[in-house]
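**Student:** Okay, handing you the structure first.
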Ligand code: ADP
Ligand code: ADP
């Protein structure tokens, strides 16, 4: 993956209320960087700035040294895969739901990413491969299965930069462990940003940043931050 650098990034949705203040960190290629902190700290806003849903108010975001405002939005977004907190499923087949965003994908490719996302047990429950609708009028999926559809989607997109925004927050422990495994595999070779409430869910991170009121309050390894608690 590429190097991603937030360089003294500041941001406000409304000019009178700063959300991020001089946030400065570097995500090294091939590593997992976690951002933890309380609700409202500004974690999701970081992801939105990277994807250019919004542009920074101050500072810069650099991907391999290049300001993301100087590349086309299309190529930026092609490089970034987001696994969101709540995955929206279409009332369509599993294959369609996974291939959404890459319509030309072959059945073999879809099957491959479903296996990596630990959806194989689920595929077996569908008659004729992936033909039954998995949306609201079709098969009911658990929260964990929906998350795994989002992971399969992301794997098919094959982005260099991966953003996991509270990707396992809604799950029970058993599902969370299964998905952590799938995400560890997914993070290999990419530059990964993990957003989480709790330090305990980001043990795999190479570096953890604690965000508080839009500022980096602390940073270090998971183990070093745990010792301070
Ligand atoms: P700061 O904590 O102000 O960001 P540095 O970027 O210099 O300061 O990093 C402090 C320590 O953390 C250094 O030992 C550095 O090697 C390490 N470090 C910095 N960025 C990363 C990263 N993305 N992944 C792992 N370790 C990192
Ligand atoms: P976190 O992900 O850490 O919970 P967010 O980045 O979602 O935090 O939000 C940070 C702050 O920005 C919160 O106070 C939130 O209310 C505010 N905020 C988030 N999105 C918007 C928006 N679209 N317009 C105005 N304020 C927003």
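Where a number appears in this text, it was derived from the coordinates with a stated rule and is not lab data. Keep in mind that what you see is a predicted model, and the values were worked out from it rather than measured. Please note: Cβ atoms are built from the backbone with ideal geometry, for glycine as well, and neighbour counts cover all protein chains shown.
**Student:** Expressed as a fraction of 2.2 N^0.38 Å, the rule-of-thumb size for a compact globular protein of N residues, what is the C-alpha radius of gyration of region 83-204?
**Tutor:** Details: Rg = 13.7 Å, N = 122, 2.2 N^0.38 = 13.7 Å.
Scaled against compact globular proteins, the figure is 1.00.
**Student:** Okay, next question. Cα-based Rg (one decimal) and Dmax (whole number) for region 11-107, in Å?
**Tutor:** Cα-based Rg and Dmax for region 11-107 come out at 16.2, 51 Å.
**Student:** Still on this structure, please answer the following. By how many degrees, between 0 and 90 and to the nearest 10, does the Cα long axis of helix 143-157 differ from the longest principal axis of the chain?
**Tutor:** The helix 143-157 is inclined about 80 degrees to the chain.
**Student:** Here's a follow-up. If R₀ is 25 angstrom, what is the calculated FRET efficiency for the pair residue 22 and residue 206, using the beta carbon separation as r and rounding to 0.05? Kindly include the intermediate steps, with their values, before the conclusion.
**Tutor:** Numbers: r = 23 Å, r/R0 = 0.91.
After rounding, the FRET efficiency stands at 0.65.
**Student:** Then there is this: Using the alpha-carbon atoms, what tilt in degrees (0 to 90, nearest 10) does helix 173-187 show relative to the longest principal axis of the chain?
**Tutor:** 80 degrees
**Student:** Taking 0.36 nm per residue of sequence separation and subtracting the Cα-Cα distance, how much length would be gained by fully extending the chain between residue 125 and residue 90, in nm to one decimal?
**Tutor:** Working: separation 35, 0.36 × 35 = 12.60 nm, distance 1.84 nm.
Once the chain is fully extended between residue 125 and residue 90, it gains 10.8 nm.
**Student:** Under 16 Å from a point placed 7 Å out from the Cα of residue 73 along the Cα-to-Cβ direction: which residues of region 12-30 have their backbone N that close?
**Tutor:** none
**Student:** Follow-up question, since we're still on this one. Quick one: compute a quarter of the convex hull surface over the Cα atoms of the chain and quote it in nm².
**Tutor:** Values: hull surface 51.2 nm².
Projected over every direction and averaged, the Cα hull of the chain covers 12.8 nm².
**Student:** Calculate how steeply helix 107-116 sits against the longest principal axis of the alpha-carbon atoms of the chain, using the helix alpha-carbon long axis, and give the answer as 0 to 90 degrees to the nearest 10.
**Tutor:** Value to nearest ten degrees: 60.
**Student:** Further question on the same structure: How many angstrom lie between the C-alpha centres of region 182-229 and region 24-65?
**Tutor:** For region 182-229 versus region 24-65, the Cα centre distance is 13 Å.
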